[in-house]
1. Take 132, 2 and order them by how many other Cβ atoms sit within 10 Å, fewest up front.
2. Kindly put 104, 67 in sequence by how many other C-beta atoms sit within 10 Å of each C-beta, fewest to most.
3. Neighbour counts of other C-beta atoms within 10 Å: give me 59, 142, 120 arranged from fewest to most.
4. In bins 5 Å wide, starting from 0, what share of all Cα pairs of region 120-169 does each bin hold, as a percent?
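Values quoted throughout were computed directly from the atomic coordinates according to the rules given, and no laboratory measurement underlies them. Note that this is a predicted model, so its numbers are computed, not measured. Positions of Cβ are backbone-derived with ideal geometry, glycine not excepted, and every protein chain shown enters the neighbour counts.
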């Protein structure tokens, strides 16, 4: 009886750890490795479910390679126009990392309406996506919406604390005087 009790207790503790882990995990933002895809919303039809196949390692590798290439295009070469078709080719703009990079690229190109739509799509996919809160906060500053930028900063603080690079970046941008015309 003691062995069974120990096994059941161990299993229960392990199960609780598995359940609690995703709730406490904060994905590192700004990585060239995207976070996990969003969970299914359950709206798929039976036909789609039947036709859906498990993605192979090759598909995953192709996605990751494409994401990393787009990431390098943005951050290493600052070629936002070239990054947009690379990101769209991934067919994953429902993923927070991809939508955020699309929003960032459009913002850097000055297309604020499209940029806003992608930032909102990213936050819909992952409301705790810290890099999106940061970039969307910078977008707000560029639009002159300091109160909204402060809201975004507070959200980052609640998610990561005040020591994260995202918090420090947006905080520093908010400290600059309004109307300086700086683009972040």
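1. Values: 132 31, 2 6.
With the fewest neighbours first, 132, 2 line up as 2, 132.
2. On the way: 104 26, 67 22.
Neighbour counts put them in this order, fewest first: 67, 104.
3. Exposure proxy ranking, most exposed first: 59, 120, 142.
4. 5, 26, 32, 25, 11, 1
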